[in-house]
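Working notes, beginning with the structure itself.
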Amino acid sequence: MIAFQGDMMKIFKVMLLVLLLQFPSFVFSEGLSEQPMPTNAIENIQITISDQIAAFRQNDVKRAYSYASTFIKNIFPDAESFGEMVKKSYPMIWDPIEYRFLESRVEGGYVFQRVLFVDNQKKVHLFDYVMLLNLKTWSINGVYFVSSGDQGA
């Protein structure tokens with residue numbers, strides 16, 4: 001019974017994350033609306049995302065997890081559960097053949113960085129990363145699906 005409850009809690013957390021990432025306006029409590037965009041922000045955001053992807057590729061879930069915001073860490077309280085969720089649900093992010101940064105924008109006080117991923121079947125997937133500035137470092141507050149296609153990159 002206890003194992004069953006643990007499995008149900010994992011399923012609930014994944015379902016909650018999927019729901020919240022489909023409706024990002026529920027996820028955010030404060031943003032950049034009253035702050036100017038920091039110097040080199042886009043470059044630093046892309047470095048953060050790139051290093052998390054590199055950590056996934058190296059199976060270094062602790063390093064990948066270090067880029068998650070407090071919100072994400074409340075849903076996935078340890079690096080292992082976070083890593084398992086990404087590996088199973090987002091294989092194109094876990095180990096892409098290729099990825100590249102597209103446009104970034106500030107919307108509703110939050111920074112969104114669009115990233116194009118090419119998976120092992122050469123399918124293209126677009127995701128928006130929602131970034132939060134905590135003091136002087138960026139954290140990833142969510143990644144949500146935009147679209148996918150069968151065309152190669």
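Read the figures in this text as sums done on the coordinates, not as results from a lab. Keep in mind that this is a model prediction, so the values were computed, not measured. Backbone-built Cβ (ideal geometry, glycine too); neighbour counts: all protein chains shown.
Here are the numbers for this structure:
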read-out: Residues Lys73, Lys88 arranged by fewest to most Cβ contacts within 10 Å; value: Lys88, Lys73
read-out: In Hz, Karplus ³J(HN,Hα) per residue of the stretch 98-106 (6.51, -1.76, 1.60; θ = phi - 60°; x = Gly, Pro); value: 7, 8, 8, 8, 10, 6, 10, 8, 9
read-out: Whole-Hz ³J(HN,Hα) from phi, Karplus 6.51 cos²θ - 1.76 cosθ + 1.60, for the stretch 85-92, glycine and proline x; value: 4, 5, 4, 7, 8, 9, x, 5
read-out: Placed amide H near Val146: partners under 5 Å, 5+ positions off or other chain; value: Leu126, Phe127, Asp128
read-out: Among the listed pairs Lys87/Lys123; Lys62/Lys87; Lys73/Lys122, those beyond 24 Å (Cα-Cα); value: Lys73/Lys122
